[in-house]
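Nothing in this text is a laboratory measurement; each read-out follows from the coordinates by a stated rule. This is a predicted model, so every value here is computed, not measured. Please note: Cβ atoms are built from the backbone with ideal geometry, for glycine as well, and neighbour counts cover all protein chains shown.
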């Protein structure tokens, strides 16, 4: 039975992008950039993890924060009563491009926050929505309605039985985007696949096109790696990809929600070009009275964002990509993790499950700069995380692809510290190109058992220590520190994986 939308004072449907842009521009927190794009300043600057709850019959047994069904009914009545006195917008579309796996979705949001509606409309695929359109996933969004008793009087309530998410008191667009994708995560898993928090790109080589998936926590270089050009490579997807039991993959969104901090045309020309067009939506990007933006100004937030359509850039057709050749697990690290390592079998599943990285502003102030372990680097997986690791190993054994860990941080210490060396964008780009072309010369690392690169075309011999970190520590007289870090890391990894009782034992053993 279809979920009926709460009645509103007025409902507007089927608005064009031009109309949504115009409504967004009328918002009191909106300014127009010198490029003609709308730039909205929000009160909430990142996702509200502390305020996100799953609806459950047994909240205390959930791996995530949860509320019971009586509380769901209470907050639903509260939101429905509020909506009755307000004007709302309906945005329909699909998560996914090709017919077999696309999922009809709907956003129902206050008209006063039209920028969120416009941004979501860009990210949805649109193909044949009509009067009979019936969503499987629904986000009901009231940015101005506070709910007392929750962190910051804010609530994101996720009902996975109804596939309905209700959002209260956040004007940050990410709650709309992730609201739909979090439920899509559950749907994909239930249908036998694995949702991956991943970008996707195709790279031309002498041996044909190679398709790579790039798994990573927000802000760790996933978008940059996806959009950096190697051999004329083209992006397919920026944020989520489904890996299905038959080995096929499918994309989710028709656009990109990109971080803008430190964006420049030299390092990220594709993203810079799209963000500086009039059809882009900007969020919390610094600009002066003349409308000139400053992507390096962090005085308000480092988590400035932009949404743009893949139609604004040169991109591959998402529906034409069938299978992946390799998968990169990004790890923004700062000590003993090499710029690239090749993983096999259970060890690949283990590093996917470990999800090691350094948090960024995308995860809020509590995560920024902190060492994190986020299974699958996917904070939006709404189920027990051991399901991710086991499903990954199952799919990998059934549909083998090459798996790598890629450090987008530094080796030998924090970037800028004495004795450390930064893994720069050109280094990572050379690695991705060499992976696609199969030109890396590998050797076994005696400490961790994975393969490390003895040589990568495009990376000079003087930078060999980012490929084999023990060389950096030896060169700076810290061999004993290196040995201690290795032993501590092995122990901590085994302990972390052991906390998931249903995780395959061979995955846990692979990091010992």
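Using a ≥ b ≥ c from the Cα gyration tensor of segment 410-485 (square roots of the eigenvalues), is it rounded, prolate or oblate, where a/c under 1.5 gives rounded and otherwise the larger of a/b and b/c decides, a/b for prolate?
The shape class here is oblate.
As a check on your grasp of the helix formula, calculate [θ] at 222 nm for the chain: sum -39500 (n - 2.57) over DSSP H runs of n ≥ 4, divide by the residue count, round to the nearest 500.
Computed mean residue ellipticity for the chain: -8000 deg cm²/dmol.
What's the Cα-based Rg to Rh of segment 1-58, Rh via Kirkwood?
Here Rg/Rh amounts to 1.11.
Nearest 5 is fine: what % of DSSP beta bridges in segment 139-217 come out antiparallel, could you say?
Details: 13 of 17 bridges.
Rounded to the nearest five, the antiparallel share is 75 percent.
Using only Cα atoms, tell me the angle between helix 425-437 and the longest principal axis of the chain; keep it within 0 to 90° and round to the nearest 10.
80
Just for segment 10-191, what percent of DSSP beta bridges are antiparallel, to the closest 5?
Counting only bridges with both partners in segment 10-191, antiparallel ones make up about 45 percent.
Using only Cα atoms, tell me the angle between helix 114-123 and the longest principal axis of the chain; keep it within 0 to 90° and round to the nearest 10.
Its long axis makes an angle of about 50 degrees.
Between residue 13 and residue 425, what FRET efficiency comes out of the Förster formula 1/(1 + (r/R0)^6) with R0 = 30 Å and r the beta carbon distance, rounded to 0.05?
0.10
Taking the mean number of other Cβ atoms within 10 Å as a proxy for protection, how do you rank 114-126, 453-465 from highest to lowest?
Numbers: 114-126: 25.4, 453-465: 15.1.
The most tightly packed comes first, giving 114-126, 453-465.
To test your reading of the geometry: what angle, between 0 and 90 degrees and rounded to tens, separates the Cα axis of helix 345-354 from the longest principal axis of the chain?
Roughly 50 degrees, rounded to the nearest 10.
So how much slack lies between residue 131 and residue 262, counting 0.36 nm per residue of separation and subtracting their Cα-Cα distance, in nm?
Computed gain between residue 131 and residue 262 is 42.8 nm.
Going by how many other beta carbons lie within 10 Å of each one, how would you line up 281, 272, fewest first? Show your work: numbers first, answer last.
Working: 281 28, 272 18.
Taking fewest neighbouring Cβ atoms as first place, the list is 272, 281.
When DSSP assigns beta bridges and you keep just the ones with both residues in the chain, what percent turn out antiparallel, to the nearest 5?
Details: 60 of 92 bridges.
Bridges in the chain are about 65 percent antiparallel.
Pull out a ≥ b ≥ c, the square roots of the eigenvalues of the alpha-carbon gyration tensor of segment 10-191, then state rounded if a/c is under 1.5, prolate if not and a/b is larger than b/c, and oblate in the remaining case. Write out the running numbers ahead of the final one.
On the way: a/c = 1.74, a/b = 1.23, b/c = 1.42.
Taking the square roots of the gyration eigenvalues as a ≥ b ≥ c, segment 10-191 is oblate.
With r as the distance between the Cβ atoms of residue 320 and residue 69 and R0 = 45 Å, compute the FRET efficiency 1/(1 + (r/R0)^6) and round to 0.05.
0.55
Based on the Kirkwood radius over alpha-carbon pairs, what value in µm²/s does the Stokes-Einstein equation return for the translational diffusion coefficient of segment 185-301 at 10 °C and 1.306 mPa s?
100
Give me D for segment 101-213 in µm² s⁻¹, whole number, from Stokes-Einstein with Rh from the Kirkwood sum over alpha-carbon pairs, 4 °C and 1.567 mPa s.
Numbers: Rh = 15.9 Å.
Here the translational diffusion coefficient equals 81 µm²/s.
For the chain, take the alpha-carbon Rg, divide it by the Kirkwood Rh, and send me Rg/Rh.
0.96
Go ahead and run the numbers for FRET between residue 397 and residue 26, Cβ-Cβ distance against an R0 of 45 Å, rounding to 0.05.
After rounding, the FRET efficiency stands at 0.25.
Relative to the present Cα-Cα distance, how much length would full extension add between residue 490 and residue 57 at 0.36 nm per residue of separation?
The span from residue 490 to residue 57 would gain 152.1 nm if fully extended.
Rounded if a/c is under 1.5, else prolate if a/b beats b/c, else oblate: with a ≥ b ≥ c from the C-alpha gyration tensor eigenvalues square-rooted, which is segment 345-475?
Oblate.
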